[in-house]
Every structure is written in structure tokens, then in C-alpha cells.
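Just so it is clear, none of the values below were taken in a lab; they were calculated from the coordinates. As the structure is a computational prediction, the values presented were derived from the model and not from experiment. All Cβ positions, even for glycine, are placed from backbone atoms using ideal geometry, and neighbour counts span all protein chains on display.
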Amino acid sequence: MALQLGDIAPDFEAETTEGKIRFHDWLGESWGVLFSHPKDYTPVCTTELGYTAKLKPQFEKRGVKVIGLSVDPLADHYGWSKDIEETQGQAVNFPMIADPDRKVASLYGMIHPNASDTLTVRSVFIIDPQKKIRLTVTYPASTGRNFDEILRVIDSLQLTDRQKLATPVNWRPGDEAIIVPTVKDEEAKKLFPQGFKALKPYLRLVKPSD
Ligand code: BEZ
């Protein structure tokens, strides 16, 4: 069965561009983003990896480690990294898993045989410090992902973990959030002394305090 939200992210050992890792040990206490790309030396992936590397300070600020994967061998990852630096103006600054036997790709359901027998789809997994999967995304090979959106989801998840809040459509950090329905008004008054707006009894908006 496909991995689902709330499942523990499967552990594995793998060769990466930064040495051999055991995934859970590598994650440690951090949040993680594990993402696959279909193939080395391909154009869309080149832009994704360069952009994600540029976002490293943003991921670090949120306590998130990023790791990429493709089913190509390490030697290709190293050679391709030079092209990424040259064309995207940014060196890859996170490990890339070499998964030529597709061990990790199979564990995470990253190969969708009716799309391609050999290439991984563009999967993203956000994993929390308890190693639980908190987001899964699957994009087709031809569509580059929006890694700003991945950061936005991490902001939403981390807010939800800190306070009894959910986030509305197109929410951005700093916007009003939604008080979760399990919190009754009396508790909400205590939790959110800054006050909240009740548009409906089930739709209550508050400016988060942090
Ligand atoms: C790409 O990364 O450019 C790509 C990879 C596989 C299929 C199509 C595009």
C-alpha cells in the first residue's frame, strides 16, 4: 500500500553524494524533505535542484534537512552537480541519494509503472521530527515543483504543531489562521487573548501570536 500521512517514514541505508547514510540517523531531531527526480542530466530537474539549493537558508531556519534522490549512480550525481552550479548559479548543497537498484524508490512508491517503468516520478515527502510523514506530493516528470509551496506547507505544519490552529486557503505566514473546531469558544478566549473573529461558530479567525 502507498505510504500515507501519519505513517512512519521507512528507514533505509543509502549511498549519497555526502557519504553513506542511515536515513533516520541522518534526520536526527530535524524535520526532513525527501524528494525524487526522474533522471540526472535533465532540464527540469536541473532547475529544481538549483532552486532548492538556493532555499537552503530558508530550510535551515525552519530546522529542515533536505535530501534528493534519483535512480542514477553517484558518478552521475557528481558530474551533473557541476552543470547545476554552472547553469543555475548555485551549487547543490544537500545530499543526493544514488538509488540505482531502486531500493529507496520502491520503499517510498516513487516509481509509477504506468507513467514510467524506469524513472521515478517527482515525489516529495515532508517528515516531522517524530519521523511521521506529514505531506506527500506526486508531480509528473514534465512539471517542475514549486519549492516555495513546500516551505509554505512546513510553515503551516509547524504553526499547527505549536498552536491549536489550521491555515486557510492560500495562507502565508503573518496572515490570519483558523482556530481548530475542537477548541470551544471559552478555551479559545484563553488561548488567544489577542481576540478572534467568529464569522460562523465553526469559522473563527485569529492573528497568530508567533
Ligand atoms: C526533466 O527533468 O527535464 C525531465 C525528466 C524526465 C522527463 C521529462 C523531463
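Structure values in brief
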quantity: Lys, Arg +1 and Asp, Glu -1 on Cβ, resulting dipole of the stretch 1-60 about Cα centre, debye, nearest 20; calculated: 240
quantity: For the stretch 53-96, convex hull of alpha carbons as volume per residue, Å³; calculated: 59
quantity: Among 40, 175, 72: highest mean-square fluctuation, GNM of the chain, C-alpha pairs under 10 Å; calculated: 175
quantity: Test item: Cα-centred dipole of the stretch 31-184, Lys/Arg +1 and Asp/Glu -1 on Cβ, debye; calculated: 720
quantity: GNM result for the chain, Cα springs below 10 Å: residue of 199, 49, 165 fluctuating most strongly; calculated: 199
quantity: With eigenvalues of the C-alpha gyration tensor scaled by 5 and rooted, the stretch 86-196, Å; calculated: 37, 17, 13
quantity: Over the chain: helical MRE at 222 nm, DSSP H runs n ≥ 4 each giving -39500 (n - 2.57), nearest 500; calculated: -9000 deg cm²/dmol
quantity: Separation in nanometres of the label points that stand 7 Å from Cα toward Cβ, at residue 142 and residue 107; calculated: 3.2
quantity: Proxy reagent accessibility, fewest Cβ within 10 Å first, across 70, 156; calculated: 156, 70
quantity: Highest-MSF residue in the chain out of 71, 33, 169 [GNM, Cα springs under 10 Å]; calculated: 169
quantity: Aspartates and glutamates with Cα under 13 Å of residue 103, excluding same-chain neighbours fewer than 8 positions away; calculated: 11, 13, 15, 72
quantity: Estimated vicinal HN-Hα couplings, Hz - the stretch 196-209 in sequence order (Karplus 6.51, -1.76, 1.60; Gly, Pro = x); calculated: 9, 9, 9, 6, 8, x, 9, 10, 10, 10, 9, 7, x, 7
quantity: Across 61/190; 132/189; 56/131, pairs whose alpha-carbon gap is larger than 25 Å; calculated: 61/190; 132/189
quantity: Length gained when the stretch residue 187-residue 135 is fully extended (0.36 nm per residue, less Cα-Cα span); calculated: 15.8 nm
quantity: The stretch 1-95 - percent relative contact order, Cα under 8 Å, separation 6 or more; calculated: 32
quantity: Residue 93 versus residue 153: modelled label distance in nm, points set 7 Å from Cα along the beta carbon direction; calculated: 2.3
quantity: Dipole-positive endmost among 193, 136, 38 within the chain (Cβ charges, Cα centre); calculated: 193
quantity: Two-decimal log10 I(q)/I(0) for the chain, as the Debye equation yields it once each C-alpha is a single scatterer, q = 0.11, 0.15, 0.17, 0.18 Å⁻¹; calculated: -0.58, -0.94, -1.12, -1.22
quantity: Cα-based Rg / Dmax (Å) for the stretch 1-99; calculated: 13.5, 40
quantity: Nearest 10 degrees, 0 to 90: helix 74-88 Cα axis against the chain principal axis; calculated: 60
quantity: Net lengthening on full extension, residue 199/residue 7 (0.36 nm per residue, minus Cα-Cα); calculated: 65.6 nm
